[in-house]
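Asks: Submitted below is the structure of interest, expressed as C-alpha cells.
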Amino acid sequence: DRQTLVAVLQFLRRSNLRESEEILRREARLLGDDLGGNVATVATSSPGVAAVAAVPPGKGEARGTAGSVPPLGGNPGNGYVLHSAPCLRVSSPSSKINHSGDVSAVVVEDQPDVSAVLSAYNQQGDPTLYEEYYSGLKHFIECSLDCHRAELSQLFYPLFVHMYLELVYNQHESEAKSFFERFHGDQECYYQDDLRVLSSLTKKEHMKGNETMLDFRTSKFVLRISRDSYQLLKRHLQEKQNNQIWNIVQEHLYIDIFDGMPRSKQQIDAMVGSLAGEAKREANKAKVFFGLLKEPEFDVPLDDEDEEGENEEGKPKKKKPKKDNVGSKSKKQDPNAPPQNRIPLPELKDSDKLDKVMNMKEAARRVRLGPECLPSICFYTFLNAYQGLTAVDITDDSSMIVGGFADSTVRVWSVTPKKLRSVKTAADLSLIDKESDDVLERIMDEKTASELKILYGHSGPVYGTSFSPDRNYLLSCSEDGTVRLWSLQTFTCLVGYKGHNYPVWDTQFSPYGYYFVSGGHDRVARLWATDHYQPLRIFAGHLADVTCTRFHPNSNYIATGSADRTIRLWDVLNGNCVRIFTGHKGPIHSLAFSPNGRFLATGATDGRVLLWDIGHGLMVGELKGHTDTIYALRFSRDGEILASGSMDNTVRLWDAVKAFEDLETDDFTTATGHINLPENSQDLLLGTYMTKSTPVVHLHFTRRNLLLAAGAYSSQ
C-alpha cells in the first residue's frame, strides 16, 4: 500500500533514521526522492495509524506499551497505562511483506482520531450499484460448494456493515436505507443487537459519536478461512472486477488464512459472534503458566486426635504430617506452574497458617462428588429485597454472606451462630491486658454484636462485592465509579479507589489477598494493590464494557468477560493479553476457573456455558440447557462438578470430569481451530434444580462440597 509506505518513510526521515529508510526503500522498490503526498492521507488506507515503532531486528512485533513495564510493587505515584493495542502490519493482509529492516510494526494509538477513521469511507463506487455488488457476491457464495459456502458466508456481516456505513457516510441516505432493508434479514440471528444500533445510524453526523461503530471501523474484523476458500473468493472478485468489495476486504477485514480442510458450519458457528469476529490464531499462541503454585508446607494434626490436639490456646500442636492426598499434593512442583516469585505475593501471617490448617482438616472430611454423588444445595433467598439485590459474595469458609444493593448499601450477614462484632474503641482497648491468651476475643465489643451490618458510603448501585481470603476486608464496586475497601473488624470504609470514570461492574480479590481487580464501563480492567491508591496495571483491549473479572487460582493471570462477547486472559506481570476467546453470542456475565487452573468456564446472556482449555487456547465444550443469562458459575472444590446458576431460576449441575476427558488438543486442532464439540451436552447434565421464582446470582461450594446458592425472590 503505497500511501502507508510513503508515510512510514517520511516518519523515518523526520526521525533521522536514514539507515532504516534506505532498507525499506530498497525492499519496497521506492527509489529516488519520491516522498510526495501528505502524511495525513494515511488515514484513508489504514485507519488509526499513529506512530511507527523502530525496533532492533529480531525483536518481533512492537507491543503497544507505554514505556517499560513497572514492577508490581512499583511506585504507586505513576499511573502506568499498558495498552494491548493491535499491531498493524505495514502491508495489507492480502500481500504480507516481511520487512527485514528495523521497522517492524506500526503501533496503533488507543483512541483513533474520529475524522481520520471515518474518512476511510470516502466515496469510491456508484451508490446505486451497492445492492448489485452485494447480491452478486451473495449469489456467488450461495452457489459455491458446501465446504466453501459455510466459510465464505462469514463475509456477509462485516461487508454488509461496511457497505452500509460507506453509503451513510457519503450521504446517500435513501440508498443506505434500501440496502439495509433488503439485506439485514439475511444476517445471523446473533448480530440482531448490533444491527439495531446500526439501523439508528442514518446520517453522517450520527457516526461521529457512536462508539460501537468506531470500534468496528478501527479494529479489523477477523475471519478465519481456509486457503482454498480464500483463493476462490479472490478469483471471483478479480474476474468480476468487483473493486468495491475487494477494497473493503483489503482495508477493513483481517483474513486469517490456514492450510487444510475448510471448517464446517457448526465449527464456525461455535467460534464466531463477537464484535470483531474471531481471534487471530497468533493471539492464543503465547505460553501461559496455568499450573498452581506450590503450597507452603504445614504439619496437619491427625483427624482422630483433633480434640486432644488443641491445647489451651486453641492452637494445634505440631505433629507428624498425616499421609493423605491433601498434604502430598503440595510437595511436587507443577511443571506448568509459574515460578514461585514471578509476581510478589504477600507473606503468610500466623492467622493464615491457622486457617490453612483448618481448611485441610475440613478437606479431609470433604464429600467426593461425582455423577453418583451430587452435592446438597442450600439456597439463601433474599426476601423482600425491594432495595434491589445486585451482587452477592460468600467467604471462603462460608461464615459470612454479603449483598450489594441498588440503594447503594452493602449488607453483611453472619451465616453461622457467631454474631458480627466490631473492635472496641481506643479508650477501651488501652485497658486490655495484651499478654492474655484470649486477647483476640477481648478486643471485640460484645455490645456491637449483631447478625447484620450495613455499610454506607457508595452513591450508586453496588454491582460487585468480594471478601478477602483472610476475611478481614471486603471490596465493593459501584455505579459511582469507585471501588471501596471496608474493614470487617470495624465495619467502616478504609479506602475509596478512584480510577474508573464510569460505573464499575465487577471487582474481585486475588486468592492470595493484597491484589484485586476491577472492570467497568470504560472498557478496561485495572489491577490494584490494597496499599496503593492508583492501579498497578491497566488492561486495555476490550471493545465494550468489562462486565466480569476473575483471578486465576495462581494469581498470575486475570480473566475478563466483556459486552463485546469475548473473554480475555491477561498476564498480571506485564499487562499483556495472552488469550482471546470468542464464541459467545451475548455479553459475558460469569467466569470460573477449574481448581487445577487448566480450564475456564464462561457464561453469558446467550444461556450457554462454554469451556476453554487455557494452555492450548481452545474451546473444548459447550453446555446448553439454560434459557436465560448465566450469572453464576462455580467448580466444586475438587473440580468434579460445575454448577451454573441463571436468571431462568434454575441451578444446573454438569459433569466436569467427563467434559474435560479425552480432549482433542493435538497440534492440528490448535493450528486451525477445527474443534469438534459433542453434539449433545445433555449427557453431561447431572441435575436441574428449580427455585420458585428466584434468579440465581451467586454460587459457592463450602470446603466440604456443600453447594450454597443465593438470589433475591422476585414476585413476578
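The values are calculated or read from the model by the stated rules, or taken from the named source; none is laboratory data. Predicted, not measured: the structure shown is a model, and the values here were computed from it. Neighbour counts run over all protein chains shown; Cβ positions are idealised from the backbone, glycine included. Accessible surface is based on the protein model in full, side chains and every heavy atom, while ligands, DNA and RNA are left aside. Shrake-Rupley method; radii C 1.70, N 1.55, O 1.52, S 1.80 Å.
Asks: Checking the table 177/220; 349/418; 220/658; 208/265; 294/453; 361/424 against a 28 Å threshold on Cα-Cα, which pairs fail?
Replies: Working: 177/220 24 Å; 349/418 23 Å; 220/658 37 Å; 208/265 36 Å; 294/453 37 Å; 361/424 32 Å.
Distance filter (> 28 Å) returns 220/658; 208/265; 294/453; 361/424.
Asks: Residue 384: net charge of surrounding residues, Cβ under 14 Å, Lys/Arg +1, Asp/Glu -1, itself excluded?
Replies: Within the 14 Å Cβ shell, the charges total 0.
Asks: Modelled label-to-label distance, residue 365 and residue 574, 7 Å Cα→beta-carbon offset: nm?
Replies: My value for the distance between the label points is 4.7 nm.
Asks: How would you rank 702-708, 481-487, highest first, on the average number of other Cβ atoms within 10 Å across their residues?
Replies: On the way: 702-708: 18.9, 481-487: 21.7.
Peptide ranking by packing, descending: 481-487, 702-708.
Asks: Just the number, please: carbon plus sulfur as a percent of the accessible area of region 527-572, 1.4 Å probe, no ligands or DNA/RNA counted.
Replies: Working: 370 of 780 Å².
Carbon-and-sulfur percentage of accessible area, whole number: 48.
Asks: Can you give the FRET efficiency for residue 531 and residue 428, using 1/(1 + (r/R0)^6), R0 = 22 Å, r = Cβ-Cβ distance, to the nearest 0.05?
Replies: Here the calculated transfer efficiency is 0.20.
Asks: For the peptides 378-385, 539-546, 9-16, 406-413, what is the packing order when you average, over each peptide's residues, the other Cβ atoms within 10 Å and list the highest mean first?
Replies: On the way: 378-385: 14.1, 539-546: 24.0, 9-16: 15.9, 406-413: 18.6.
The peptides rank, most packed first, as 539-546, 406-413, 9-16, 378-385.
Asks: Can you pull the one-decimal nm distance between simple spin-label points at residue 357 and residue 294, each 7 Å off the Cα toward Cβ?
Replies: So the label points at residue 357 and residue 294 sit 2.3 nm apart.
Asks: OK, next. Taking the Cα centre of each part, how many Å lie between region 546-596 and region 494-517?
Replies: 16 Å
Asks: Measuring with a 1.4 Å probe in the full set of protein chains, what accessible area per residue, in whole Å², belongs to region 159-254? Intermediate values should be presented prior to the final figure.
Replies: Details: 4190 Å² over 96 residues.
Heavy-atom accessible area per residue stands at 44 Å².
Asks: What does the net charge come to around residue 505 if you take all other residues with beta carbon closer than 14 Å to its beta carbon, with K and R at +1 and D and E at -1?
Replies: Local charge sum for residue 505: -3.
Asks: Ok, one more. Please work out how much length the chain gains when fully extended from residue 196 to residue 349, using 0.36 nm per residue of separation minus the C-alpha to C-alpha distance, in nm with one decimal. Provide the component values of the computation, followed by the final result.
Replies: Working: separation 153, 0.36 × 153 = 55.08 nm, distance 5.42 nm.
Difference between extended and current length: 49.7 nm.
Asks: Using the basic label-point model (7 angstrom from Cα toward the beta carbon), what is the residue 188 to residue 436 distance in nanometres?
Replies: In this crude spin-label approximation the distance works out to 6.8 nm.
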